[in-house]
Amino acid sequence: MAQSLYIHIPFCLKRCAYCDFVSGIFDPLKADEYINALKKEISALPRETEFSTLFIGGGTPTTLSAHTLKDLIYYMFSHLTFNGSYEATIETNPGTVDFEKLHALRLAGINRISIGIQSFHDDELAFLGRIHTAEEAEHAVSLAHDAGFENIGIDLIYGIPGQNIVSWRKTLENAVRLKPTHISAYELTVEKGTMLYEYLKNPPLSPFSKGGFIESPLSRGNIGVCSPLWQRGVRGDFAMKNISKADNLKLLDEEKIIEMYEYTIDYLTSKNYIHYEISNFALPDYFCKHNLNYWDRGEYYGAGLGAHSFIDHKRFYNFGDLEFYINALTENKSPVQKIEQITNDKAIAETFFLGLRKTGGINLKTVSESYKQDLVSMYQNEIKELEEAGLVEYNSKSFNLRLTRKGLLLSNEVFTKFI
Ligand code: SF4
């Protein structure tokens, strides 16, 4: 039985330079049409399923008004069943929230907030094309505390051109000072079709001005422009594309990236955050249950533009085009564009590359039993090779397979062995 529900809100105030998610510029009229369509999709979800996690992601869900968000959340809670200890997360960005909106979300039953901060340096934020300053980011965290959120996650990005270990350290220190329960630290990657990709393919002679301010590929700005740049990719998309980077365009030297990542692990663990997934750290009892379900290959429903569901060994992909999505639901048709049957081989590959993302790794005995195949024998050569390279550790008594510290740095090399 599915235990997780993902809801996609594909609107943002402005397009970030690196963004590959299904999102476009907020247009209030389109948003109303979209929410009506989304409610129709939600109303068709099975009422008997008891959900333990809800994740409202985007886009930036908090581009919607407090009234619209409250109405949508009440709609979900009245049409669906959630267990008594559910985790309900909403993603937000500084610059789209005030106390009233956050308080309304908390009162409506949202008990976890994930704030996209990315950096505590204004020049880095400008390069990324973010809509907010470092000060506004800090303010958003304090508003979330004031509004009654106890479970607060912060997203950060390292590997930004112009960034160095000193500025990254300061970002991490600021993050910890704000006492979030969860910190995600992602390496900046360049996806084809993004503005960052185009910018790096044809970089200006000097991307940095003398004062150290970095010109954003988005510096032309497009706040309020109602011609959305609809893009691929949706949060919760844990498909295989995630393990390869487009064209391998380099942003910073590999050594600098490694230094930042290693520092992140050492620093955050020294501050009592548990490193539980390649890019995720949390205080005890605050691991993100919704994402753990993805990494454990649990079933989930997804509703909204470009959302995926994974039910009964099949993956369902919704339309990624806004008009198609709205029209399908308005005409009482299914918004599903494609259904993929997940073969046993693919399921096994996913078990490895999703499960090994968790620092605790996977239990090969349990996995072998669930697939009725002896995976230890099947992959003995790969595991031996990876052990010799120092990338994984396999404990033949407990059947636990996990990445080593070196393996965390070179996880894609490990994952490709199992595909
Ligand atoms: S990165 Fe996030 S905030 Fe920026 S455009 Fe993409 S979805 Fe919106």
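How high is the relative contact order of the chain, in percent, with contacts defined as C-alpha pairs under 8 Å that are six or more residues apart? Display every interim value, and only then the final one.
Working: 772 pairs, mean separation 74.5, N = 419.
That works out to 18 percent.
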Exercise. Given R₀ = 41 Å, FRET efficiency for residue 165-residue 192 by Cβ-Cβ distance, to 0.05?
Worked result: 0.90
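Looking at this model, which pairs from 314/338; 192/346; 179/271; 39/70; 39/333; 179/256 are more than 20 angstrom apart at the alpha-carbon? Please list the in-between numbers first.
Working: 314/338 10 Å; 192/346 25 Å; 179/271 10 Å; 39/70 13 Å; 39/333 13 Å; 179/256 27 Å.
Where the Cα-Cα span goes over 20 Å, the pairs concerned are 192/346; 179/256.
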Exercise. What distance in nm separates the simple spin-label points at residue 133 and residue 384, each placed 7 Å from Cα in the Cβ direction?
Worked result: 6.1 nm
Exercise. Pick from 76, 378, 260: which residue has the top mean-square fluctuation in a GNM of the chain where Cα pairs under 10 Å get a spring?
Worked result: 378
Exercise. Given labels modelled 7 Å from the Cα in the Cβ direction, how far is it in nm from residue 259 to residue 324?
Worked result: 4.5 nm
For this session: Enumerate the calculated ³J(HN,Hα) couplings along segment 301-309 in order (Karplus 6.51 cos²θ - 1.76 cosθ + 1.60, θ = phi - 60°), each rounded to whole Hz, writing x wherever the residue is Gly or Pro.
Result: 9, x, 10, x, 4, x, 6, 10, 10
For this session: Show the residues, 5+ positions off or on another chain, whose built amide H is closer than 5 Å to the amide H of residue 56.
Result: 7, 89, 90, 91
Seminar exercise, completed: Residue separation between residue 333 and residue 50 times 0.36 nm, minus their alpha-carbon distance, gives in nm 99.4 nm
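For an R0 of 45 angstrom, estimate the FRET efficiency from the Cβ-Cβ distance between residue 312 and residue 32 and round to the nearest 0.05.
Details: r = 34 Å, r/R0 = 0.74.
After rounding, the FRET efficiency stands at 0.85.
Read-outs: derived from the displayed coordinates by stated rules, not from any lab. Computed from a predicted structure; not experimentally measured. Backbone-built Cβ (ideal geometry, glycine too); neighbour counts: all protein chains shown.
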